[in-house]
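S.K.: Okay, handing you the structure first.
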Amino acid sequence: MRLPLVLLALAALGAAGDGPGPEAAPSGQFSTPEQHRCRWEVRRDALGSELRLSCRPPAGRGAEQRCAYRGEPRRCPAYGARSRQFWRQIVARLRRRRRPCAESGPLSARFCGPGRAPPEAQLRLVPPGPIPPGPTSAEPSPEQLAETYCAQRWHSLCTFFAGFWQG
């Protein structure tokens with residue numbers, strides 16, 4: 001199946017505001033209030049950014065924990081000019097948590113918080129383990145196409161055109 005030209009154009013519109021080209025991916029380490037030593041690094045791809053975290057508890061107090069937070073910080077209007085400050089604030093919030101890999105609310109910088117940027121700009125803990133596969137079909141649904149190829153704000157329009165294209 002070929003995607004309609006309109007769907008691809010809308011996907012491009014959603015990615016148009018992504019800002020300048022690639023920049024150096026930040027990384028570093030910190031300690032939590034419970035003395036866990038954590039290392040972090042940011043990986044970027046076409047879908048957004050992923051902050052990978054690896055924390056070791058003090059000697060003899062458990063196993064190493066690994067987790068990842070994922071989001072689209074480039075959707076925040078201030079991110080382009082203040083990306084270093086964004087990552088510093090995110091790491092500062094993680095540093096204050098007793099267990100950074102435990103489930104809690106989303107992470108965001110003060111200038112990209114709720115009301116100042118879309119919810120996709122916040123980093124959310126990625127659920128551990130593989131995601132079970134859904135039902136397989138020869139042709140993906142219009143909703144799946146919109147989810148894959150369109151920015152969040154264009155989902156309803158992309159779903160409409162994909163449904164129209166599929167008949």
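Read-outs: derived from the displayed coordinates by stated rules, not from any lab. As the structure is a computational prediction, the values presented were derived from the model and not from experiment. No Cβ is skipped: glycine too gets one built from the backbone with ideal geometry, and neighbour counts run over all protein chains shown.
S.K.: Just to verify a number: FRET efficiency for residue 52 and residue 120, C-beta to C-beta distance, R0 = 22 Å, to 0.05?
M.R.: About 0.70, to the nearest 0.05.
S.K.: Here's another thing I want to ask about it. Are there GluC sites (Glu not before Pro) in region 29-71 that DSSP puts in a loop and that have at most 14 other Cβ atoms within 10 Å, and which ones?
M.R.: Sites meeting the loop and neighbour criteria: 34, 64.
S.K.: Calculated FRET efficiency, residue 92 and residue 45, Cβ-Cβ r, R0 30 Å, to nearest 0.05?
M.R.: The pair residue 92/residue 45 has a calculated efficiency of 0.75.
S.K.: So between residue 157 and residue 37, what do we pick up on full extension, going 0.36 nm a residue minus the alpha carbon distance?
M.R.: Here the segment from residue 157 to residue 37 would lengthen by 38.6 nm.
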